[in-house]
Amino acid sequence: MPIIVNLDVMMAKRKISLNELSERVDLTLSNLSILKTGKAKAVRFSTLASICKALDCQPGDILEYVASDED
C-alpha cells in the first residue's frame, strides 16, 4: 500500500505508550494497534484529529505517501 503510517515514530518522539495514547484519544488498543501497524484500511478524520491533538503533530507527521510501481 502506498500510504505509510508513521504513528510509532511520532509516539516514540513524544515518548508516549500505546496504552496512554489509547486513553487520550478514546480508541481501543486493538484499533489503535491496527492503525499503528499499517493494517487499517481507513481512518476517520475525527480519529486522526484526536491523535494529532494528543501527539501535538500534523497529519503529515503520521501519514506518508510513497509511490510504487504497482499503482
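Going residue by residue through region 34-43, is there one that turns out to be polar (S, T, N, Q) and within 19 Å of Lys15 (Cβ to Cβ)? Step through it out loud before you land on a result.
Of region 34-43, the ones polar (S, T, N, Q) are 37.
Filter once more, keeping what is within 19 Å of Lys15 (Cβ to Cβ): none.
Looking for residues that are polar (S, T, N, Q) and within 19 Å of Lys15 (Cβ to Cβ), one finds none in region 34-43, hence no.
Mind checking whether some residue in region 46-62 is acidic (Asp, Glu) and free of Cβ contacts under 8 Å to residues at least 40 places away in the same chain? Please lay out each step first, then the result.
Residues of region 46-62 acidic (Asp, Glu): 56, 61.
Within this subset, residues satisfying the condition of being free of Cβ contacts under 8 Å to residues at least 40 places away in the same chain are none.
Taking every residue of region 46-62 in turn, none turns out to be acidic (Asp, Glu) and free of Cβ contacts under 8 Å to residues at least 40 places away in the same chain.
What pairs can you find where one residue is in region 10-30 and under 19 Å from Ser46 (Cβ atoms) and without any contact (Cβ under 8 Å) to a residue 12 or more places away in the chain, the other is not in a loop (DSSP other than H, G, I, E, B) and not aliphatic (A, V, I, L, M), and their Cβ atoms are less than 9 Å apart, with a gap of 6+ or different chains?
Within 9 Å, the pairs are Ser22/Asn31; Ser22/Ser33; Thr28/Ser22; Leu29/Asn19; Leu29/Ser22.
Starting from residues that are at positive phi and at pLDDT below 95, keep the ones in region 3-53 and report whichever is surrounded by the fewest Cβ atoms within 10 Å (Cβ to Cβ). Spell out the reasoning first.
Taking region 3-53 and keeping what is at positive phi, we get 15, 26, 38.
Now restrict to residues that are at pLDDT below 95: 26, 38.
Values: Asp26: 9, Gly38: 13.
Residue satisfying both the conditions and the ranking: Asp26.
The values are calculated or read from the model by the stated rules, or taken from the named source; none is laboratory data. Keep in mind that this is a model prediction, so the values were computed, not measured. Methodologically, a virtual Cβ is constructed for each residue, glycine included, from the backbone with ideal geometry; neighbour enumeration extends over all protein chains shown.
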